[in-house]
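J.: Quick one: the structure is below, and I'll ask about it shortly.
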Amino acid sequence: MRCIFAEGKQKELILFAEDLYGNSWRKMASRLGVGSSTLRDWRDEKYLMHYNIFCKIVKDCPQCEEFRTSITGRKEDN
């Protein structure tokens, strides 16, 4: 399942979480179990983020919980 965020909020979440993970794309991608290019695609809002990845971010960075209110819907995986 993927999260549909309000416009600009997915990018804001990724950039906010990047600071909390130590400003390293590779470190953040590794902790989340995704590739760094996938992380950039989510930042650029090219693709929707998986809900379980959002949950991992919130678990690692409880400050990101506030972004839950920015989720406007969910979309099933193809």
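No lab work stands behind these numbers, since they all come straight from the coordinates. All of these numbers come straight from a predicted model, not from anything done at the bench. Cβ placement follows ideal geometry from the backbone for every residue including glycine, while neighbour counts extend to all protein chains displayed.
J.: Under a Cβ-Cβ cut-off of 10 Å, what is the net charge of the residues other than F67 that fall near it, where Lys and Arg count +1 and Asp and Glu count -1?
T.: Cβ neighbours under 10 Å give a net charge of -1.
J.: How do C64, C3, C55 rank when sorted from fewest to most other Cβ atoms within 10 Å of their own Cβ? Provide the component values of the computation, followed by the final result.
T.: Details: C64 17, C3 24, C55 12.
Ordered by Cβ neighbours within 10 Å, fewest first: C55, C64, C3.
J.: Something else about it: Where does helix 9-21 land angle-wise versus the long Cα axis of the chain, in degrees 0 to 90, nearest 10?
T.: 20
J.: Would you please give the residues with an amide H less than 5 Å from that of I4, counting only those at least 5 places away or on a separate chain, with H modeled from the backbone geometry?
T.: Residues meeting the criterion, in which the H sits 1.01 Å from N, are T72, G73, R74, K75.
J.: Could you go through the stretch 49-64 in sequence order and give the Karplus-derived ³J(HN,Hα) for each residue, using 6.51 cos²θ - 1.76 cosθ + 1.60 with θ = phi - 60°, rounded to whole Hz, and x for Gly and Pro?
T.: Along the stretch 49-64, the couplings run 7, 5, 5, 5, 5, 4, 5, 5, 4, 5, 5, 6, 10, x, 5, 7 Hz.
J.: Moving to a separate point now. Considering just Cα atoms, how many Å³ per residue does the convex hull of the chain enclose?
T.: Here the figure is 79 Å³ per residue.
J.: Quickly estimate the mean residue ellipticity at 222 nm for the chain, helices only: each DSSP H run with n ≥ 4 gives -39500 (n - 2.57), and the total goes over all residues, rounded to 500. Please list the in-between numbers first.
T.: Working: 4 runs with 39 residues, N = 78.
Theoretical 222 nm ellipticity from helices: -14500 deg cm²/dmol.
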